[in-house]
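A.B. asks: Supplied in C-alpha cells, the structure appears directly below.
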Amino acid sequence: MKIFREIYDSTLESVRDLLPIIAVIAFFQLIVLHQPIPHIEKILFGTLLVMAGLTLFVRGLRIGLFPIGESLAHAFARKGSVLWLLVFAFSLGFTTTVAEPALIAIAKEAAQVAAAGGMIEDSVDAQGRYAFGLRLTVALSVGLAIVLGVVRIIKGWPIHYLIMTGYLGVVVMTTFAPKEIIGIAYDSGGVTTSTITVPLVTALGVGLASSIRGRNPMLDGFGLIAFASLTPMIFVMAYGMVM
C-alpha cells in the first residue's frame, strides 16, 4: 500500500506542476486570442501522457538515480582514492551529457543551420560530423567541469571565485569567437543541465559533501551544475574558432 500512496502523492505533485502551464495556455488561447483550442481531445490525451511520464520520471529519480549517485560518492570517499573519484566524475559528466536528448536535438539543429549558412558543406555526412563534434565538445567540457567541482568540494574552495573567473572567461571568449557560434555556445550551456545530467551530478555532489568530514552538504554539495552549464560556453566558442 505504501508504494501506491507514494505514486498517488507523486501524481498530485505532477498535477500541481502542470496546472499553471495549462492555465496560461488556456487563458491566452480563449481570453486573449478568442480562439477555440484545436484538437482538444488530442491535447487532453497528450496532457495525460505528460502527467504520467512526469510522475514516473520523478518517482524514478527518487528511488533510482539519486540513491545510486549518493551511494557511489560515499563508496569512493570510503575508498580514499582521489584519482578514481576524479575518473568517475569525468566519466559521469561526459557520458550523461553525450546522451542528453536536448543536446542531441540542438546539435542537429545547429548543423543544419551551419550548412544553410555556408559554414560547413551542405551534406548529410558533413552535418553529422559537425553535430557529433559539437556533442563531444560539450560532453568533454562537462566532464572537466564535474572534475573541477569535485576538486572544489574536496579542497573546500569558495564557489563564487571559480564562477566569477569562469564567466570572465566567457566574456573574453565571446569577444574573439565567430558571431555565428556565440548563440549556440550559450544555448549549449543550458541544454547540458537537463533530465539525465542534473539528477546524477547533484546526487554525486551531495553524497560526496556528506562523506567528507568538515563539508556541509548544503553549502558544498551543490554547485556542480553551475560548472556544467558554464564550461560548455567556453568550449563551444573555442570549437567554433577551430572549425
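A.B. asks: If a residue has to be surrounded by fewer than 10 Cβ atoms within 10 Å (Cβ to Cβ) and in a helix (DSSP H, G or I) to count, how many in the range 1-15 make the cut?
C.D. replies: Counting residues in the range 1-15 that are surrounded by fewer than 10 Cβ atoms within 10 Å (Cβ to Cβ) and in a helix (DSSP H, G or I) gives 4.
A.B. asks: Across the range 202-235, what is the number of residues that are under 14 Å from Gly166 (Cβ atoms) and assigned to a helix (DSSP H, G or I)?
C.D. replies: Final tally of qualifying residues: 12.
A.B. asks: In the list Ala105, Ala73, which residue meets the criterion of being under 24 Å from Gly189 (Cα atoms) and of a type in the set (Gly, Ala, Ser)?
C.D. replies: Answer to the selection: Ala105.
A.B. asks: What pairs come up if the first residue lies in the range 204-228 and is on the phi > 0 side of the Ramachandran plot, the second is in a helix (DSSP H, G or I) and not charged (D, E, K, R), and their beta carbons are under 9 Å apart, counting only those six or more places apart or on different chains?
C.D. replies: Note: pairs meeting the criteria are Gly223/Gly149; Gly223/Ile153; Gly223/Ile159; Gly223/Leu162; Gly223/Ile163; Gly223/Gly205.
A.B. asks: Now a separate question. Residue pairs, Cβ under 7 Å, 6 or more apart or interchain, first in the range 72-90 and in contact (Cβ under 8 Å) with a residue 60 or more places away in the chain and within 12 Å of Gly207 (Cα to Cα), second open to solvent by 60 Å² or more (accessible area, probe 1.4 Å) and part of a helix (DSSP H, G or I). List them.
C.D. replies: Correct list of pairs: Phe76/Trp84.
A.B. asks: Further question on the same structure: Quick check on Gln35: is it farther than 29 Å from Phe222 by Cα, of a type outside the set (Asp, Glu) and surrounded by 14 or more Cβ atoms within 10 Å (Cβ to Cβ)?
C.D. replies: For Gln35, the condition - farther than 29 Å from Phe222 by Cα, of a type outside the set (Asp, Glu) and surrounded by 14 or more Cβ atoms within 10 Å (Cβ to Cβ) - is not met.
A.B. asks: Taking the range 167-193, which residues are open to solvent by 10 Å² or more (accessible area, probe 1.4 Å) and either touching a Lys or Arg at 6+ places or on another chain (Cβ under 6 Å) or under 15 Å from Ser141 (Cα atoms) (or both)?
C.D. replies: Of everything in the range 167-193, those that are open to solvent by 10 Å² or more (accessible area, probe 1.4 Å) and either touching a Lys or Arg at 6+ places or on another chain (Cβ under 6 Å) or under 15 Å from Ser141 (Cα atoms) (or both) turn out to be Tyr167, Gly169, Met173, Ile184, Tyr186, Asp187, Gly190, Val191, Thr193.
A.B. asks: Shifting gears a bit: For the condition surrounded by 12 or more Cβ atoms within 10 Å (Cβ to Cβ) and farther than 27 Å from Arg59 by Cα, what is the one hit in Leu18, Leu30?
C.D. replies: Leu30
A.B. asks: Let me ask something additional. Name the residue that is nearest to Thr97 (Cα to Cα), counting only residues in the range 148-166 that are open to solvent by less than 30 Å² (accessible area, probe 1.4 Å) and of a type in the set (Val, Ile, Thr).
C.D. replies: Val150
A.B. asks: Can Ile25 be described as in a helix (DSSP H, G or I), open to solvent by 100 Å² or more (accessible area, probe 1.4 Å) and aliphatic (A, V, I, L, M)?
C.D. replies: Considered against the rule, which asks whether it is in a helix (DSSP H, G or I), open to solvent by 100 Å² or more (accessible area, probe 1.4 Å) and aliphatic (A, V, I, L, M), Ile25 comes out as yes.
A.B. asks: Considering only residues that are open to solvent by 70 Å² or more (accessible area, probe 1.4 Å) and hydroxyl-bearing (Ser, Thr, Tyr), which ones fall in the range 94-147?
C.D. replies: Thr95
A.B. asks: Look through Thr202, Thr231, Thr197 and report the one residue that is touching a Gly at 6+ places or on another chain (Cβ under 8 Å), modelled with pLDDT of 85 or more, among the polar types (S, T, N, Q) and open to solvent by less than 40 Å² (accessible area, probe 1.4 Å).
C.D. replies: So the residue among Thr202, Thr231, Thr197 that is touching a Gly at 6+ places or on another chain (Cβ under 8 Å), modelled with pLDDT of 85 or more, among the polar types (S, T, N, Q) and open to solvent by less than 40 Å² (accessible area, probe 1.4 Å) is Thr231.
A.B. asks: Tell me which of these Glu13 doesn't satisfy, since it passes every other one: (1) under 24 Å from Ala139 (Cα atoms); (2) charged (D, E, K, R); (3) at pLDDT 80 or above.
C.D. replies: Tallying (1) under 24 Å from Ala139 (Cα atoms); (2) charged (D, E, K, R); (3) at pLDDT 80 or above, Glu13 fails exactly one: (1).
The values are calculated or read from the model by the stated rules, or taken from the named source; none is laboratory data. Fair warning: this is a prediction, and the values are worked out from it, not measured in the lab. Neighbour counts run over all protein chains shown; Cβ positions are idealised from the backbone, glycine included. To get the accessible areas, we keep the full protein, side chains included, count just its heavy atoms, and leave off ligands, DNA and RNA. Shrake-Rupley method; radii C 1.70, N 1.55, O 1.52, S 1.80 Å.
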